[in-house]
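Encoded as structure tokens, the structure appears first; notes follow it.
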């Protein structure tokens, strides 16, 4: 039987901004443990990359880790234009509440 050879090629990709197009990327992931029910899963979550800040529509660099097994919450937000750390939160996950969708609701918002 004759051997088959696979030819590898190099592909160069160039992106040219012509229409005011901005590219932003991020990666997210979750790890689950089959020993825990769905309410206690996922055990580990991460987010790394660009995120649109809702208050003013500005793109920021965000890094976040939520680790239930180690009771750990870490989030860091950096302004990419200035390099300034605009938000840094490192605390036990069990103490992290009252943020984002977990904020306490007032009677008029309920």
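Key figures for this structure:
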{"item": "Candidates 52, 13, 88 - the one that is at pLDDT below 90 and either surrounded by fewer than 14 Cβ atoms within 10 Å (Cβ to Cβ) or touching a helix residue (DSSP H, G or I) at 6+ places or on another chain (Cβ under 9 Å) (or both)", "result": "13"}
{"item": "Residue count for the stretch 56-85, restricted to those that are surrounded by fewer than 12 Cβ atoms within 10 Å (Cβ to Cβ) and within 11 Å of the chain's Cα centre (by Cα)", "result": "0"}
{"item": "For residue 68: the one exception among (1) over 28 Å from residue 21 (Cβ atoms); (2) at pLDDT below 95; (3) in contact with a strand residue (DSSP E or B) (Cβ under 6 Å, 6 or more places away or on another chain)", "result": "(3)"}
{"item": "Single condition residue 41 does not satisfy, out of (1) modelled with pLDDT of 90 or more; (2) touching a strand residue (DSSP E or B) at 6+ places or on another chain (Cβ under 9 Å)", "result": "(1)"}
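The values are calculated or read from the model by the stated rules, or taken from the named source; none is laboratory data. Treat the numbers as computed from the prediction; the structure is a model and nothing was measured. All Cβ positions, even for glycine, are placed from backbone atoms using ideal geometry, and neighbour counts span all protein chains on display.
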